[in-house]
Amino acid sequence: MEIRIERTKNPKTMPPENELGFGKVFTDHMLLVDWEEGKGWYDARIVPFGRIDLHPASTVLHYGAEIFEGLKVYRRADGGIQMFRPQENVKRMNNSAERMSLPQMDEKDMLELMTAFVKLEEKWVPKSFGTSLYLRPFMFGNDEALGVHAVKNATFMIIASPSGSYYKEGINPVGIMIENEDVRTVRGGTGYAKCGGNYAASTRAGERAAKKGYSQVLWLDGVHRKYVEEVGAMNVMFKISGEIITPMLTGSILPGITRKSCIEVLRKLGYTVTERLFSIDELVKALENGTLEEAWGCGTAAVVSPIGKLAYNGKEYVIGGGKIGDVTQKLYDTLTGIQWGKTADYFNWVYKL
Ligand SMILES: *Cc1c(COP(=O)(O)O)cnc(C)c1O
């Protein structure tokens with residue numbers, strides 16, 4: 001795909017690396033590609049970062065046709081930059097597009113767009129361990145009419161935000177509330193797609209948990225309100241009597257790349273990892289009889305997030321003495337080691353730029 005580049009005349013400077021939060025500062029440029037039915041993708045361009053024009057009837061504003069991805073660019077000690085399994089994000093973006101009746105893009109083209117954009121913005125990849133340039137590819141339906149149908153026009157974009165270390169104050173286990181009112185999605189719905197609507201629908205539960213002093217909620221499935229699905233916007237894993245259990249991908253769970261990587265790392269370390277339906281009753285039993293040794297969420301932003309407390313039906317359970325467990329720590333060290341190029345890339349996951 002040919003990319004037209006219009007460079008900014010007012011380059012910005014990056015704030016000090018220890019002051020970078022998450023997703024608040026943006027780089028100098030953004031990438032856009034348009035799509036029209038019958039014509040395909042056209043006019044790939046990188047232009048100065050700024051506001052975009054939308055028609056008030058644009059599909060995304062009314063019917064929520066929006067999907068996104070999230071991945072990071074890491075700076076190695078030798079000064080080079082790299083991504084972590086970006087091919088997986090490209091595949092997932094197309095799976096999300098298929099679910100939401102948005103256009104798909106050739107995998108090689110999408111990866112090329114990401115690469116070209118990152119190369120232009122290379123100076124925005126911070127240097128300290130834990131910091132990264134967060135990439136946000138996204139796509140939305142952009143018909144300028146109110147009729148409801150599969151879109152005939154769409155826009156693909158990439159923006160990027162230099163981000164600080166998720167664990168600036170060290171890894172502190174979080175408190176989680178088990179949610180038994182709202183559900184995130186249902187089988188047959190959009191749970192496996194990374195779409196904005198899933199987030200809009202799950203914010204309320206998160207807010208309610210926050211009011212009670214918990215960081216996030218543990219989601220149960222939408223049909224039986226029985227099987228554990230995810231924690232906040234992360235996948236979830238439990239270590240019970242030495243075995244690692246994670247909810248199987250039933251269609252209502254987002255297939256996380258960190259989840260997949262954790263499973264591969266754990267198996268290589270010799271752990272038994274079981275992907276299956278895992279009920280809240282089983283979880284409560286393991287909490288009560290002390291066999292639940294560790295629990296953690298996993299996703300690109302945090303890598304892993306240990307769960308120190310779980311609240312259910314007015315009762316609060318402490319996990320692992322409220323401290324990060326050995327397996328959670330090992331996963332964190334292994335994955336961040338590979339991502340920031342500190343340890344060998346055993347699995348061939350790194351994509352150097
Ligand atoms: C993005 C996301 C995840 C984590 O996926 P990663 O590829 O590991 O970042 C998990 N759950 C939800 C709902 C998500 O949107």
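Before moving on, here are some points about what is shown:
- Percent of C-alpha pairs per 10 Å bin, segment 1-83, short to long: 12, 31, 39, 15, 3
- When the alpha carbon coordinates of segment 272-353 are projected onto the principal axes, the ranges are 50, 26, 20 Å, largest first.
- At full extension, M14 and N313 could sit 103.0 nm farther apart than now, given 0.36 nm per residue minus the alpha carbon distance.
- Segment V186-E6, length gained on full extension (0.36 nm per residue, minus Cα span): 60.5 nm
- One equal scatterer on each Cα of segment 154-228, no solvent, Debye formula: the resulting log10 I(q)/I(0) at q = 0.16, 0.17, 0.24 Å⁻¹ is -0.79, -0.85, -1.11.
- Surface accessible to a 1.4 Å probe, T185 within the full protein complex, Å²: 10 Å²
- Nearest-10 value in Å² for the accessible area of R99, using the 1.4 Å probe: 80 Å²
- Computed with a 1.4 Å probe on the full set of protein chains, the accessible area for W349 sits at about 10 Å².
- Looking at the chain, the accessible area is 45 square angstrom per residue; that uses a 1.4 Å probe and ignores ligands, DNA and RNA.
- Computed on the chain, with alpha-carbon pairs under 8 angstrom and 6+ residues apart, the relative contact order is 18 percent.
- Segment 141-196: GluC sites (Glu not before Pro) in DSSP loop, at most 11 other beta carbons within 10 Å: E169, E181
- Principal semi-axes in Å for the chain [√(5λ), Cα gyration tensor, largest first]: 35, 25, 18
- The alpha-carbon of K91 sits under 14 angstrom from the alpha-carbons of these aspartates and glutamates, leaving out residues fewer than 8 places away in its chain: E69, D106, E107, D109, E112.
- Where labels lie 7 Å past Cα in the beta-carbon direction, separation of A201 and A57 in nm: 2.7 nm
- Here the contact order of segment 174-339, divided by its residue count and restricted to Cα pairs under 8 Å and six or more residues apart, works out to 23 percent.
- Cα centroid separation, segment 155-170 to segment 277-319 (Å): 27 Å
- Taking amide hydrogens as placed 1.01 Å from N in the peptide plane, the amide H of F49 sits under 5 Å from those of H29, M30, each at least 5 positions away in sequence or on another chain.
- Two numbers describe the Cα atoms of segment 1-150: Rg and Dmax, which are 16.5, 53 Å.
- Rounded, prolate or oblate (a/c below 1.5 giving rounded, otherwise prolate when a/b exceeds b/c) for segment 61-206 by Cα gyration tensor: oblate
- Contact order normalised by residue count of segment 3-163, Cα under 8 Å, 6+ apart, percent: 34 percent
- Whole-Hz couplings from phi, Karplus 6.51/-1.76/1.60, listed for segment 112-127; x for Gly and Pro: 5, 4, 4, 5, 4, 5, 5, 4, 5, 9, 3, 5, 8, 8, x, 9
- Note on exposure: M14, M177 ranked by accessible area (1.4 Å probe, complete protein assembly) read M14, M177, with the most exposed listed first.
- For K168 and S101, the FRET efficiency from 1/(1 + (r/R0)^6), where r spans their Cβ atoms and R0 equals 45 Å, is about 0.65.
- Sites T250 and K211 - FRET efficiency at Förster radius 22 Å, r taken between beta-carbons, to 0.05: 0.15
- Split the accessible area of the chain by element, probe 1.4 Å, and carbon with sulfur accounts for 49%.
- Cross-link pairs exceeding 19 Å in C-alpha to C-alpha distance, out of K239/K260; K119/K352; K72/K330; K72/K194, comprise K72/K330.
- Convex hull volume of segment 174-339 per residue (C-alpha atoms, cubic angstrom): 103 Å³
- Net +/- balance of residues flanking L292 in space, Cβ distance below 15 Å, scoring K and R +1, D and E -1: -3
- Under 5 Å between amide hydrogens, built in the peptide plane, is the criterion, and for T274 it picks out I244, I245, T246 among residues at least 5 positions away or on other chains.
The values are calculated or read from the model by the stated rules, or taken from the named source; none is laboratory data. It should be emphasised that the depicted structure is a prediction, and the values quoted were computed from it without experimental measurement. Note: ideal-geometry Cβ built from the backbone for every residue, glycine included; neighbour counts use all protein chains shown. Ligands, DNA and RNA are stripped out before the accessible areas are found, and what is left, the full protein with its side chains, is counted by its heavy atoms. Shrake-Rupley method; radii C 1.70, N 1.55, O 1.52, S 1.80 Å.
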